[in-house]
1. Where both partners of a DSSP beta bridge lie in the stretch 290-421, what percent of those bridges are antiparallel, to the nearest 5?
2. Output ³J(HN,Hα) for the stretch 22-38: one whole-Hz value per residue in order, computed from phi by the Karplus curve 6.51 cos²θ - 1.76 cosθ + 1.60 with θ = phi - 60°, and x for Gly and Pro.
3. For the charge dipole of the stretch 252-372, defined by +1 on Lys and Arg C-beta atoms and -1 on Asp and Glu C-beta atoms about the Cα centroid, which residue among Pro277, Ala334, Leu259 has the Cα displaced farthest towards the positive pole?
4. So what are the ³J(HN,Hα) numbers for the stretch 316-333, from phi and the Karplus equation (6.51, -1.76, 1.60; θ = phi - 60°), rounded to whole Hz, Gly and Pro as x?
5. What number, in nm² with one decimal, is the all-direction average of the projected area of the convex hull of the alpha-carbon atoms of the stretch 286-356?
6. Assuming R0 = 51 Å, what is the FRET efficiency of Thr151 and Ser356, from their Cβ-Cβ distance, to the nearest 0.05?
7. Estimate the FRET efficiency between Ile250 and Leu21 by the formula 1/(1 + (r/R0)^6), using the beta-carbon distance for r and 41 Å for R0, to the nearest 0.05.
8. Roughly how big is the stretch 351-428's charge dipole about its Cα centre, with Cβ charges of +1 (Lys, Arg) and -1 (Asp, Glu), in debye to the nearest 20?
Amino acid sequence: MALVEMVMPKMGESVMEGTVLSWLKNVGDPIEEDESILEVATDKVDTEIPSTHAGVLKEILAQEGDVIEVGKPIALIETDASAASTPSASAPSEETPIVQEAEKIMESAMATASAAEIPVKSGDKFYSPLVRSIAKEEGITLAELESVPGTGKDGRITKQDILSYVSTKKAGKAPAGGTNGQSKPATPRPAPEPMPVTVSGEDEIIQMDRMRKMIAERMLASKQIAPHVTSFVEADVTDMVFWRNRMKNIFKERDGQTLTFTPIIIEAIVKAIKDYPMINIQVDGDKIIKKKSVNIGMAVALPSGNLIVPVIHNADQLNLVGITKKVNDLARRARENQLKPDDLQGGTYTVSNVGSFGNVMGTPIIMQPQVGILALGAIQKKPSVIETPQGDFIGIRHKMFLSHSYDHRVVDGALGGMFVRRVADYLEGFDKDRTI
C-alpha cells in the first residue's frame, strides 16, 4: 500500500486557485478512479473534481472554505504500489519552455485575468487574478497592495478588501503609507453614500447566492470600465423563419438536434465579424488586442434565475450543423450545472437572446474584456412595405430588433452601427432554398 497526494488541478487558463465548497467523500471511504470526491468553486464556475486514483480516502488536507492554489495537495489517497507509481493525472506536468511562454503571453492578453505590474506572489503574500486585475484597473502599485490588510485565510487579500481600499482611496482617505509616498489626487471623488434600506415585518430578506454576487460585481465592473453605446437595427427575417420551420423536422431526424433560431443568427454574426474584425478585439490598458479566434459566448438563463455565458470556441470553423450541436450541448450542460471552467473562457463576442422572454429589444452589458454584445429581440409578425418591380404593397413580414452594445473607448458609432447592420443584411439575405 502507498499514499498518493491528490493536488488541486488546473481548471482552465488564468485559474490560479479554487475554493473547496464541499467534500463528497469522507475519510475512510473507498473511491474509484475518476469518481467525484469534492466540489470546488473558481471565479469561473463551480465544478466537481474526480479522484486521480482508486483506493481509500486516507486524509483530507483542505477543509471546506479553504482557498487552495493550483498544484497544492488537497487529499491523501491510500492505494496499492502499482497505482502509486502512476503519475497523478491532476499533477502539473513538466511543460516545455514554449508552452510556458505561450501561457504567459495568453495570460498577459487577458485584461480581466492578469496584471503585469502585480506578481502572483510577493514575499509570503499571494494575489489572486481578480485582485491583480482590480489593482491594475485602479492603478494600484505593488507597494500599495502590500499595505492593504487582508481578511482572507492567512491574511490573503480578498476581493472585498481591495474594493474597500479602492473606495477609501477615491474618497481621499487612504491609510498612511498606503500610497507609497505618492500625493493624493488634487480633487478626490467622494465615495457615494449607500441608500438607506427600509425593512418591515412584511418584507422578505433574501441572501444573494455566490453566483448572483459574482454577476453583480462583474456587471458593475463592466459599466465602470467601458462606456456603453447601443445601436439598434430591425431586420426582416421572414425567409429565415420559413426555412427554419420547413427544415427543423428534417434536422431533428437526420442529426438528432433541435434547430432553433440561435445558431442561425450566430452563423450570421460570425460572418459579420469576419467582415469587421475590429469588433473581435479586447482592450489591455492603452493597447488593443485583435483576437485571431472567433469565440462566441451565448448567455443562458439558469433555472435558479441566474445567468451564465458558455463559449462556442472557434465558431468560424463550424458549419451550421456544428454550431447547432454546440449551442444545444452548452445550453443543456449549463442548465444541468455540468459546465467545465474551459467552457466559460476565451469568449471574444457575446450573444444574448432577450427575445426568449418575449422582449423586443434590450441594452445588454458587455462581458469584459470583450468590446461588444448583441441582444436578439423577439421575432414578431408586422405589416410592412414590400418593394417589387410592379410597385410597393403591404405584406405581413417576420421582423426582429438587433441591439448592439459596444465599448465606445475603441468602437465608434460608425463601426458599431455598420456591424449590426451587416448582421441584419446576412439574416435578410438568407437563402430560403438552402440545403443542409
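1. 75
2. Karplus-based 3J(HN,Hα) across the stretch 22-38 equals 6, 8, 8, 10, 9, 4, x, 6, x, 9, 9, 4, 6, 7, 5, 10, 7 Hz.
3. The listed residue farthest towards the positive side: Leu259.
4. Calculated HN-Hα couplings, in order: 6, 9, 10, 8, 4, 5, x, 5, 4, 4, 5, 4, 5, 5, 5, 5, 5, 5 Hz.
5. The directionally averaged projection comes out at 5.9 nm².
6. Using R0 = 51 Å, I get an efficiency of 0.80.
7. Numbers: r = 44 Å, r/R0 = 1.08.
That pair, Ile250 with Leu21, gives E of 0.40.
8. 200
FYI, it's all coordinate maths here, none of it is from the lab. Bear in mind that the values here come from a model prediction, so they are computed numbers and not experimental data. Cβ: placed from backbone, ideal geometry, glycine included. Neighbour counts: every protein chain shown.
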